[in-house]
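The values are calculated or read from the model by the stated rules, or taken from the named source; none is laboratory data. Quantities reported herein were computed from a predicted structural model and do not represent experimental measurements. With ideal geometry, Cβ positions are generated from the backbone for all residues, glycine too; neighbour counts draw on all protein chains shown. What goes into the accessible areas is simple: the full protein's heavy atoms, side chains included, and nothing from ligands, DNA or RNA. Shrake-Rupley method; radii C 1.70, N 1.55, O 1.52, S 1.80 Å.
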Amino acid sequence: MKAHILDGKKVAADVVASIKKEVEEIKAQGKHVPGLAVVLVGENPASKVYVGQKEKKCKEVGFNSFLHKLPASTTEEELLKLIDTLNNDRAIDGILVQLPLPEQINTDKVLMAIAPSKDVDGFHPVNMGNLVTGLPAVHPCTPKGIMYILDAYNIDIEGKHAVVVGRSNIVGKPIAHLLLDRNATVTICHSRTKDLAAIVRQADIVVAAVGRPRMITASMVKEGAVVIDVGINRLEDGLVGDVDFEGVAEVASWITPVPGGVGPLTIAMLLQNALEAGLKK
Ligand code: GUN
């Protein structure tokens, strides 16, 4: 294997340890302890796993954690009422509503109901708009984690051609803007892109965030490229990313593994966002 590993597990562990230390100091000084409310509606198995991981990490760093588990039959009105209560609760600095929501609930309406200052996911249009314009904003956790790991390994971004595969509001669009803000030349590709391979082959930095197992193969990657795999696909042979790791690791200079790459950083950045929200109190 040629590529070096971008070790998200290790980098995330360092972030978590430093947040834990900061919370210990906050507690020793009798200051406000960050509080994170996580809302889970329904029984989506993947969501349950993610929420469990978030709660565990929250407790590990010493935050106050408030889990609201609601039945799949919850109405939009009930959920909006809970969000209003959380918005007005001074003990709570961050509110995270786990997606996807059941179909009777309008997701946009719910995300817009969260106070932008408590929006630790960075999904509110005010935070998204501020991110795009370069104003102070809560950055979504996965894109923030990608920038963090690139910086942790001193990967050059300025002037590089970054190709983002995927245009979701959670990853593709915000990471494209964060890379642009750091003076990368950014191309966003998606399911209707013509000759995807030819475009990805031009990339110095590839960010794969499409949710299609092993779709980025070695022949699509330029020698020496940095490859960031955001995919978490559950197959019979375990978790796999959007990148064919075995093949691509032979041509890339740096690559994130799945698991142990971007995933752990997403949770670490959630804690970081909640800490930053709490420090403003
Ligand atoms: N569902 C999948 N990813 C995410 C995420 O980052 N935040 C929330 N709230 N829900 C998700």
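For region 43-56, the count of residues that are open to solvent by less than 60 Å² (accessible area, probe 1.4 Å) and away from the ligand (no atom under 16 Å from the Cβ) is zero. Residues that are away from the ligand (no atom under 16 Å from the Cβ) and charged (D, E, K, R) were ranked within region 57-81; the one that is nearest to V16 (Cα to Cα) is E60.
Looking across region 95-128, the residues that are of a type outside the set (A, V, I, L, M), more than 13 Å from the ligand (Cβ to nearest atom) and either open to solvent by 30 Å² or more (accessible area, probe 1.4 Å) or touching a His at 6+ places or on another chain (Cβ under 6 Å) (or both) come down to E103, Q104, N106, D108, K109, P116, S117, P125. In contact with a His (Cβ under 7 Å, 6 or more places away or on another chain) and open to solvent by less than 60 Å² (accessible area, probe 1.4 Å): is that true of V39 in this structure? Taking the combined requirement at face value, the residue satisfies it. If only residues of region 90-147 that are of a type in the set (D, E, K, R) and in contact with a Ser or Thr (Cβ under 9 Å, 6 or more places away or on another chain) are counted, the one that is nearest to V230 (Cα to Cα) is K144. Scanning region 4-28 for residues that are open to solvent by less than 50 Å² (accessible area, probe 1.4 Å) and in contact with a strand residue (DSSP E or B) (Cβ under 8 Å, 6 or more places away or on another chain) yields a single hit, L6. Out of region 149-195, which residues are in a helix (DSSP H, G or I) and open to solvent by 30 Å² or more (accessible area, probe 1.4 Å)? Listed by number, the residues that qualify are D151, A152, K173, H177, L180, D181. Between K173, K194, the distinction of being under 24 Å from A252 (Cα atoms) and more than 16 Å from the ligand (Cβ to nearest atom) belongs to K194 only.
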